[in-house]
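Below: the structure, in structure tokens.
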């Protein structure tokens, strides 16, 4: 069944504040196998011009995937999550996320379409600090394989 | 971005000094089941296809697969190891074209990363294109990401 295209353009209000901790950044850096000292050592981060340790460029997914669930799991959308794969991901960085940041995100549904029997939904999450400073925008495309009965479009 | 760190990252890199077409040093690494479990915990993505082969097979996958986001993160090492400061990355985009299948053994899956300085952009930025493959020298290598592009800001 095709997805409900009336979701295109919907925005979801800022989610609760996510406070970025040094220990979480380190844990994430270890999980991606990256020993760069700028993720771990505040002195190394300062030497590179950052006020504190920064997070890896893909770290925002920890925050934005959760925010995206507001639409992905909305039963009205009609997405069969058991058939969903991650199609594409893009991060546009205004400045790196760093320890101590208190971030909120606004979710927007950019597009919904069917192609080759698959349903695609593209979303973006604009992450900013509590004070309104833009930090990162995360764009995601999810693909539900074989769920569209409209065929090629 | 003040030159190389102790691991040699970011040595003498400048916008003026980089040349389009330059290949970055290749990286070979492995993704094992334990890496997937660790990434589940760190990212909060506990989708069963990343740790339960029964569940993976039930949806038509050959075995447990790595998180696309873990592959995306690992692929970026080739750029951040070269540039030194990961804060220089201003944009990073990929399409997930093929899953990295991770068998339940000591070897896991191999990841082969190559990258090329594709284009000098205005404002001291450059675009680097990454090619990420899984496989082996014997059996051949398959691309797992497409359009994997990074924009970094370099010192003058």
| query | Can you tell me which of A:92, A:106, A:71 is part of a strand (DSSP E or B), away from chain B (no Cβ under 11 Å) and in contact (Cβ under 8 Å) with a residue 24 or more places away in the chain? | reply | A:106
| task | Scan the range A:47-54 and give yes if some residue there is in contact (Cβ under 8 Å) with a residue 40 or more places away in the chain and under 18 Å from the mean Cα position of the chain (by Cα), otherwise no. | result | yes
| request: Have a look at B:94, B:102 and point out the one that is in contact (Cβ under 8 Å) with a residue 40 or more places away in the chain, within 26 Å of residue B:136 (Cβ to Cβ) and more than 13 Å from the chain's Cα centre (by Cα). | output: B:102
| remark: Counted residues in the range A:130-151 being surrounded by fewer than 17 Cβ atoms within 10 Å (Cβ to Cβ), free of Cβ contacts under 8 Å to residues at least 60 places away in the same chain and in contact with a strand residue (DSSP E or B) (Cβ under 7 Å, 6 or more places away or on another chain) come to 1
| Residue that is farthest from residue A:132 (Cα to Cα) [pool: residues in the range A:72-84 that are surrounded by 14 or more Cβ atoms within 10 Å (Cβ to Cβ) and in contact with a strand residue (DSSP E or B) (Cβ under 6 Å, 6 or more places away or on another chain)] | A:83
| query | So which of A:53, A:85 is closer than 18 Å to residue B:73 by Cα and modelled with pLDDT under 95? | reply | A:85
| query | Which ones in the range A:85-112 are within 18 Å of residue A:74 (Cα to Cα), surrounded by fewer than 17 Cβ atoms within 10 Å (Cβ to Cβ) and over 15 Å from the mean Cα position of the chain (by Cα)? | reply | A:111
| request: Sort out which residues of the range A:22-65 are more than 9 Å from every other protein chain (Cβ to nearest Cβ) and either surrounded by 20 or more Cβ atoms within 10 Å (Cβ to Cβ) or part of a loop (DSSP other than H, G, I, E, B) (or both), and write them in order of number. | output: A:25, A:40, A:41, A:51, A:52, A:53, A:60, A:63, A:64
| remark: Subset of the range B:44-57, residues within 8 Å of chain A (Cβ to nearest Cβ) and free of Cβ contacts under 8 Å to residues at least 24 places away in the same chain, comes to B:44
| request: Kindly indicate the residue of the range A:109-150 that is assigned to a loop (DSSP other than H, G, I, E, B) and over 30 Å from residue A:48 (Cα atoms) and also modelled with the lowest pLDDT among those meeting that condition. | output: A:150
| task | Could you pull out the residue among B:60, B:84, B:41 that is within 12 Å of another protein chain (Cβ to nearest Cβ), closer than 25 Å to residue A:20 by Cα and free of Cβ contacts under 8 Å to residues at least 60 places away in the same chain? | result | B:41
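The values are calculated or read from the model by the stated rules, or taken from the named source; none is laboratory data. Bear in mind the structure is a predicted one, so any value in this text is a computation, not a measurement. A quick note on method: Cβ atoms are made from the backbone with ideal geometry, for glycine too, and the neighbour counts reach across all protein chains shown.
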